[in-house]
Amino acid sequence: VKLIRRRKSRNNHITGFIFEAKKHIPMFLMFTIVFSGLISGNIFIKGNADTYNSVRTIFENYISSLSGQTLLSVFLLQLAVNLSGVFLNLIFGLCAIGFPIPCISLFIKGLSVGALSSFMYSEFALKGFGYCMLVFYPVQIIISLILLRSGKGSIDMSFSLLKLLTDRKQKTGETPEIRMYIFRYIFLILLTCVISFVSAVLSVYVVKLFNF
């Protein structure tokens, strides 16, 4: 009897472990997408002179534009850029077939971060490394985590809506938790506003110290 109980307990632990692992598969896949974007951006920069020159032009225009802008204008620009991916995830999460969009936005985020990082290291060496560590990475890591969290929520909501539309056996009254979905996005949007303000402060007062 004790042996049977031990086997049942072991089977329950294994089943619970598998269930918990399955819950984290979507997040793991999204991390993989971001990482793939990082690697792709690095490869594009190193293997394509036209791409490298384009990133250089974008960065030079960005640096030159900072000298003539106020903190408020830089903040609004940073906010618009950072919120674009969050709002895309919010909107397409409410579509039954919108689940591929968060994956695309994550790949683009990884691609842009990887491309600029590789450019900074190649173009400015130690100064570029310092810029990335002090200004670029702290903001982009948090923004990427926000996109990961919003992306997972959007994919879950999109699949829930798809199941609701296609599963005839689903009980009447069972609807996705749209209210909680919206509340979570409100929190993520507020967090994005805070991070965008921090990014604006770094851009206005810290970037000038590197003398690009």
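Figures for the structure shown
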item: Cross-chain or 6+ apart pairs with Cβ under 7 Å, region 180-192 first and at pLDDT 95 or above, then of a type in the set (V, I, T); result: L188/V86; L188/I146; I189/V86; L191/I146; T192/V86; T192/I146
item: Residue within region 155-169 that is modelled with pLDDT of 90 or more and among the aromatic types (F, W, Y) present; result: no
item: Top-ranked residue in region 102-133 [being free of Cβ contacts under 8 Å to residues at least 60 places away in the same chain and within 12 Å of the chain's Cα centre (by Cα); ranked as surrounded by the fewest Cβ atoms within 10 Å (Cβ to Cβ)]; result: I104
item: Number of the condition not met by T70 [criteria: (1) within 25 Å of the chain's Cα centre (by Cα); (2) at pLDDT 85 or above]; result: (1)
item: Subset of region 60-93 (residues that are over 25 Å from G128 (Cβ atoms) and open to solvent by 80 Å² or more (accessible area, probe 1.4 Å)); result: T70, L72, L76, F87, I91
item: M157 of a type outside the set (S, T, N, Q) and touching a residue at least 12 places away in the same chain (Cβ under 8 Å); result: yes
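The values are calculated or read from the model by the stated rules, or taken from the named source; none is laboratory data. Given the structure is predicted, the values throughout are model-derived calculations rather than measurements. All Cβ positions, glycine included, derive from the backbone under ideal geometry; neighbour counts span all protein chains shown. Quick note on the areas: whole protein, heavy atoms, side chains included, nothing else; ligands and nucleic acids left out. Shrake-Rupley method; radii C 1.70, N 1.55, O 1.52, S 1.80 Å.
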